[in-house]
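So the structure is just underneath, and the comments pick up after that.
Where a number appears in this text, it was derived from the coordinates with a stated rule and is not lab data. Treat the numbers as computed from the prediction; the structure is a model and nothing was measured. Note that each Cβ is placed from the backbone with ideal geometry, even for glycine, and that neighbours are counted across all protein chains shown.
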Protein chains: 2
Amino acid sequence: MQTRRRSFFASLQFVRRMSAVRALVPIAHGSEEIEFACIADTLRRAGMHVTVAALTDCKHVDPKTDHDPSFKFLEPRIVTMSRLVRVVADTTFDHVLAEDEHFDIICLPGGARGAENFRDSEKFVPFLKSHMSRGGWTAALCASPAVVLAHHGLLSEHSKATSHPSVSSKLPNQEFVDHRVVVDGKLITSRGPGTSLEFALEIVRRLVGVDTAENIKNAMLVRE
Amino acid sequence: MQTRRRSFFASLQFVRRMSAVRALVPIAHGSEEIEFACIADTLRRAGMHVTVAALTDCKHVDPKTDHDPSFKFLEPRIVTMSRLVRVVADTTFDHVLAEDEHFDIICLPGGARGAENFRDSEKFVPFLKSHMSRGGWTAALCASPAVVLAHHGLLSEHSKATSHPSVSSKLPNQEFVDHRVVVDGKLITSRGPGTSLEFALEIVRRLVGVDTAENIKNAMLVRE
Ligand SMILES: [Cu+]
């Protein structure tokens, strides 16, 4: 009996591990490194299964930053972020597509050029649209709510959302643009590097739990 | 005359560019990715010349995270951070040593294992000590003030400093541990991911200027 009970709990734990919330964090040339790090790090602290996927069809590339010859020999997972921090993604977005992977949430960091690369990717945009039409969660930060979601008609005039002040006038609904983090159904939006931790903690609060978010917030010394 | 004046201003601009504040941001296996990104990104926004240098003599390595075979073919600049974000540093710390480079400020991100790797690096510790004894600025975040600076006797009982709550009891002076950012002479210390932007902005305020810091703070949407 004792053994059977133990193995029952062991398998429960196994199921829980297998059923960790799955998040896709795409990154593109010019994505904001602070915003990206805040998302990936905080979600992993919360036990979420995070896949960082590099877009390989970036149309907006700064020749000053992309043609460092010392990176030529490296590989498609390496992404040059907005302030020249270089990140090795876990995988490419092409690989995500090839594996037909699905996620509970797609989280878009900002960065002006990074958001333009999301917006103009013929691979990523249809994937995002079908994720949203299936009822998946979407979180977008800084330039991305305006430049990606609003541009592709993924926000209505009833959608409550915010974005970076430099682009927030493009949102169809201006009522919530001054808020630091806005939740509307399965959509979470926020404003910039300085709101990234609040944004990431809101994702944790909604998809993992309030207590987990509170513990991480305290360990990270995030302000009340 | 016109030409001469123009070339005078051109050379002034050249001098200014050459005289940008130079910052070294070392990273090691287990460094905190949010803290690192906040430092590198913010300092670059302020026009500082930032060198991200990977330590290659890390003694504390998590076998779970370091033996991803897909990274084996890559190179010594790639660092696996505390929550598995992988960063390609600009250079290795060995290269910094070989070039005999000097910096206006050394900025240490935290992360428990990353700080241990700084602490136990036979290459980095003498470099840090001679930088400090020459009167260079030092900034340390999260675990690093306690685990690196206090451990090596680089903080006295008169030093005003803080560190992450999990290790701050190791600081010789406990008077300032509850502050989010502490400045004492040429030493700037802070507490964790949630205080990283305030910390980075304080570095900008002291080494570049109050106005630059204020502009960046507003553009980043950092809270008052
Ligand atoms: Cu930390």
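Some observations on this one:
- Peptide A:193-204, shielding by other chains (average Cβ, 10 Å cutoff): 4
- Descending by average beta-carbon neighbour count within 10 Å, the peptides A:175-183, B:135-143 line up as B:135-143, A:175-183, the highest first.
- Using Cβ point charges alone (K and R +1, D and E -1), the dipole size of the protein assembly as shown about the Cα centre works out to roughly 200 debye.
- Helix axis angle, B:2-18 relative to chain B longest principal axis, alpha carbon, degrees: 10
- Diffusion coefficient of region A:19-219 by Stokes-Einstein, Kirkwood radius over Cα pairs, 37 °C, 0.692 mPa s: 197 µm²/s.
- The angle separating the long axis of helix B:210-220 from the principal Cα axis of greatest extent in chain B is about 60 degrees.
- Label point 7 Å beyond Cα along the C-beta direction, distances from B:ASN215 to other copies (nm, shortest first): 4.4
- Per-residue shielding of A:87-98, expressed as the average number of other chain Cβ atoms within 10 Å of the residue Cβ, stands at 2.
- Estimated dipole of chain B in Debye, rounded to 20 [Cβ of Lys and Arg +1, of Asp and Glu -1, Cα centre]: 800
- Only helices enter the 222 nm calculation for the protein assembly as shown: every DSSP H run of n ≥ 4 contributes -39,500 (n - 2.57), and dividing by all residues gives -10500 deg cm²/dmol, rounded to 500.
- Net charge dipole size for region A:100-224 [Lys, Arg +1 and Asp, Glu -1 on Cβ; Debye, nearest 20]: 140
- Per-residue mean of C-beta atoms belonging to partner chains within 10 Å, peptide A:29-41: 6
- Mean Cβ neighbour count within 10 Å, used as a protection proxy, ranking A:151-163, B:110-122, B:21-33 highest first: B:21-33, B:110-122, A:151-163
- Karplus (6.51, -1.76, 1.60) ³J(HN,Hα), θ = phi - 60°, over region A:85-101, in Hz, Gly and Pro reported as x: 6, 9, 10, 9, 5, 5, 7, 8, 5, 4, 5, 4, 5, 4, 7, 6, 6
- What sits nearest the axis between copies A and B, counting only chain A Cβ atoms, is the residue and whole-Å distance A:ALA37, 2.
- Tilt relative to chain A, helix A:33-45 - C-alpha long axis, 0 to 90 degrees, to 10: 10
- Of all DSSP beta bridges confined to region A:89-211, the antiparallel ones make up roughly 35%.
- For A:ALA98, the point set 7 Å out from Cα toward Cβ sits 3.5 nm from its twins in the other copies, listed from shortest up.
- Mean separation of Cα contacts under 8 Å (6+ apart) over length of region B:19-219, as relative contact order %: 22
- Inter-centroid distance (Cα atoms) of region A:173-224 relative to region B:17-46, Å: 25
- Which of A:PRO172, A:SER144, A:THR195, positive extreme of dipole for chain A (C-beta unit charges): A:THR195
- Whichever aspartates and glutamates have a C-alpha closer than 17 Å to that of B:LYS217, once near sequence neighbours (fewer than 8 apart) are set aside: A:GLU32, A:GLU33, A:GLU35, A:ASP178, A:GLU198, B:GLU35, B:ASP41, B:GLU198, B:GLU202
- When only Cα pairs below 8 angstrom with a gap of at least 6 residues are kept, region A:128-224 shows a relative contact order of 24 percent.
- Copy-to-copy label separations for A:LYS186, where each label sits 7 Å from Cα toward Cβ, in nm and ascending: 5.6
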